[in-house]
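Below is one structure; the comments refer to it alone.
The values are calculated or read from the model by the stated rules, or taken from the named source; none is laboratory data. Small disclaimer: the values here were computed from a predicted structure and weren't measured. For neighbour counting, all protein chains shown are included, and Cβ atoms are generated from backbone atoms with ideal geometry for every residue, glycine included.
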Amino acid sequence: MANWSDPRPNAATLAAGASVRGSAYDAGLRSYMLSVYNYMTSAILLTGIVALGFAASGAAAQVFVGGGVLKWIITLAPLGFVFGMSFLQGRMSMPTLQGMFWGFAISMGLSLSTIFLVYSDVAIAQAFFATAAGFAGLSLWGYTTKKDLSAFGTFLIMGVVGLIVASVINLFMQSGPLALLISIVGLLLFAGLTAYDTQRTKSMYAAVAGTENEGRTVIMSALTLYLDFINMFLFILRLFGSSRN
């Protein structure tokens, strides 16, 4: 019998190679998701610190109660950061995009400082921890579920558009029942978006892993999940929070 080795990989070799590649992919995915959550959590903490400090200093009361141009600049600044990051991310360097992200978190803190003028500290703390628990559960489900949530994405986004329209209308109507309905629907929509955006963030890793776009995707995904968290928090606070007065 000829003494030679078959150069073709056998089934065991193929299985071992697939296992190694699978393990490497899983490790990369965990690192990627951890980076997203680290950015998101850090931004939320920064926002909270800025909001508390701005309110405690008395500056928030002077700006938002007194009115003026500065009030509108602070209120609209977060929207400007979001649009800037969304439409110009491809043209920005990573340091610039990171700077925009942290600038957004700070501007949100200045804008959200008004909650300390309206709601009690206990109500704010309760709403925050309730949001954190709900967000963690929904995000975990979105990450682990085998159900494809992409079909719900369009429905949820259309719901948010309708919510914005209803909110603008209620600025003029000042209807209590409509405001309550908006808060309930808003909470449900952003709860659904939390699971959907988590799954979408996870699925995007396969396309950006190891590319120069991975870092940008991490930041933009963190921004999306941050917005889901903050909106859930605000709707919970509006529904269950007690007034400071």
Given (1) surrounded by fewer than 16 Cβ atoms within 10 Å (Cβ to Cβ); (2) among the polar types (S, T, N, Q); (3) at negative phi, identify the lone condition not met by GLN174. (3)
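For every residue, the table says whether it meets (1) surrounded by 16 or more Cβ atoms within 10 Å (Cβ to Cβ); (2) touching a residue at least 12 places away in the same chain (Cβ under 8 Å).
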{"residue": "ALA60", "(1), (2)": "yes, yes"}
{"residue": "VAL63", "(1), (2)": "yes, no"}
{"residue": "LEU70", "(1), (2)": "no, no"}
{"residue": "ILE73", "(1), (2)": "no, no"}
{"residue": "ALA77", "(1), (2)": "yes, yes"}
{"residue": "GLN89", "(1), (2)": "yes, yes"}
{"residue": "THR96", "(1), (2)": "no, no"}
{"residue": "PHE101", "(1), (2)": "yes, yes"}
Please specify each residue of the stretch 219-235 satisfying the condition of being under 14 Å from VAL185 (Cα atoms) and surrounded by fewer than 21 Cβ atoms within 10 Å (Cβ to Cβ). ASN231, LEU234
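In this structure, is PHE101 within 15 Å of the chain's Cα centre (by Cα), hydrophobic (A, V, I, L, M, F, W, C) and either modelled with pLDDT under 95 or part of a helix (DSSP H, G or I) (or both)?
So PHE101 passes the test.
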Going residue by residue through the stretch 41-49, is there one that turns out to be surrounded by 15 or more Cβ atoms within 10 Å (Cβ to Cβ), of a type in the set (A, V, I, L, M, F, W, C) and at pLDDT below 95? no
Being exposed (fewer than 14 other Cβ atoms within 10 Å of the Cβ) and among the aliphatic types (A, V, I, L, M) is the filter here; which residues of the stretch 140-158 pass it? LEU140, ALA151, ILE157, MET158
Take the conditions at pLDDT below 90 and touching a strand residue (DSSP E or B) at 6+ places or on another chain (Cβ under 6 Å) and apply them to GLY176. Does it pass? no
Matching residues in the stretch 129-139 - criterion: being exposed (fewer than 15 other Cβ atoms within 10 Å of the Cβ) and under 14 Å from the mean Cα position of the chain (by Cα): ALA136
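Yes/no per residue for (1) assigned to a helix (DSSP H, G or I); (2) in contact (Cβ under 8 Å) with a residue 40 or more places away in the chain; (3) within 21 Å of PHE235 (Cα to Cα):
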{"position": "GLY153", "(1), (2), (3)": "yes, yes, yes"}
{"position": "PHE172", "(1), (2), (3)": "yes, no, yes"}
{"position": "LEU189", "(1), (2), (3)": "yes, no, yes"}
{"position": "LYS202", "(1), (2), (3)": "yes, yes, no"}
{"position": "ILE219", "(1), (2), (3)": "yes, yes, no"}
Among the polar types (S, T, N, Q), within 17 Å of the chain's Cα centre (by Cα) and either at pLDDT 90 or above or farther than 30 Å from TYR25 by Cβ (or both), is that true of THR145? no
